[in-house]
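Peer 1: One structure, pasted below without further comment.
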Amino acid sequence: MSAKPIEGRMTARADGETTVFLIGMRINKFRAPRSWWPVARAMPRMLKELSRDKGSGLIGARILLGGPRLVYVVQYWSSKEKLLAYASAPDQEHRPAWAAFNRRLRAGRGKVGFWHETYVVPAGSYESVYINMPEFGLGEATGVAPVGSRGERAADRLAS
């Protein structure tokens, strides 16, 4: 994220359908790092791999903390097809990390929790506004433009 706020009201430049993927883990037992530490280490490797491949479909991601137990990632993808292709690619970081995680999950007996949610958002079904903010969220992934270029009101931006 750019450290310098952009003055005024901005909106994301996103056009077309957007896929939003949320993924995270919850540390249920801090004293069991063998169960959760490999999971925590795998995600940055996958994000680095995806960011190096401009054709991967990942257009932006942010790792967030939800308190001491919860770590999650908000990802923006150009399509659900590219997200699913990455998830199933045998020659990418995800498949071996997923297999290892499943082994640890079974052996760990509840020491770490995992979740993900996927949203396919059709064009015209999302809008954004960032006021005196650095590029953030979808705006960080796609770039920003003055709000007026897409409509002054949220209803206007949702209609475009």
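Peer 1: Among all residue pairs at least 6 apart or on different chains, which show Cβ distances below 7 Å where the first residue, located in the range 130-150, is in a strand (DSSP E or B) and the second is surrounded by 18 or more Cβ atoms within 10 Å (Cβ to Cβ) and of a type in the set (Asp, Glu)?
Peer 2: Note: pairs meeting the criteria are VAL144/GLU135.
Peer 1: Right, something else. Output yes when any residue across the range 114-129 is open to solvent by 30 Å² or more (accessible area, probe 1.4 Å) and on the phi > 0 side of the Ramachandran plot, and no when none is.
Peer 2: no
Peer 1: Any residue at all in the range 57-67 that's among the β-branched types (Val, Ile, Thr), open to solvent by less than 80 Å² (accessible area, probe 1.4 Å) and in contact with a strand residue (DSSP E or B) (Cβ under 9 Å, 6 or more places away or on another chain)?
Peer 2: Checking the range 57-67: at least one residue is among the β-branched types (Val, Ile, Thr), open to solvent by less than 80 Å² (accessible area, probe 1.4 Å) and in contact with a strand residue (DSSP E or B) (Cβ under 9 Å, 6 or more places away or on another chain).
Matching residues to (1) in contact with a helix residue (DSSP H, G or I) (Cβ under 9 Å, 6 or more places away or on another chain); (2) crowded, with 17+ Cβ neighbours inside 10 Å:
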| residue | (1), (2) |
| --- | --- |
| GLY8 | yes, no |
| GLY16 | no, no |
| LEU22 | no, no |
| MET25 | yes, yes |
| ASN28 | yes, no |
| TRP37 | no, no |
| MET43 | yes, yes |
| LEU47 | no, yes |
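Peer 1: Oh, and also: Strands (runs of 3 or more DSSP E) wholly in the range 1-74 with at least 2 residues that are closer than 19 Å to TRP98 by Cβ - which ones?
Peer 2: Here the list reads 18-27, 58-65.
Peer 1: If you don't mind, another one. Going by the conditions given, is LEU105 among the hydrophobic types (A, V, I, L, M, F, W, C), over 19 Å from the mean Cα position of the chain (by Cα) and assigned to a helix (DSSP H, G or I)?
Peer 2: yes
The values are calculated or read from the model by the stated rules, or taken from the named source; none is laboratory data. Since this is a predicted model, take the numbers as computed values, not measurements. Here Cβ is always computed from backbone atoms with ideal geometry, including for glycine, and neighbour counts include all displayed protein chains. Just so you know, the surface numbers come from the protein's heavy atoms only, side chains and all, with ligands and any DNA or RNA stripped out. Shrake-Rupley method; radii C 1.70, N 1.55, O 1.52, S 1.80 Å.
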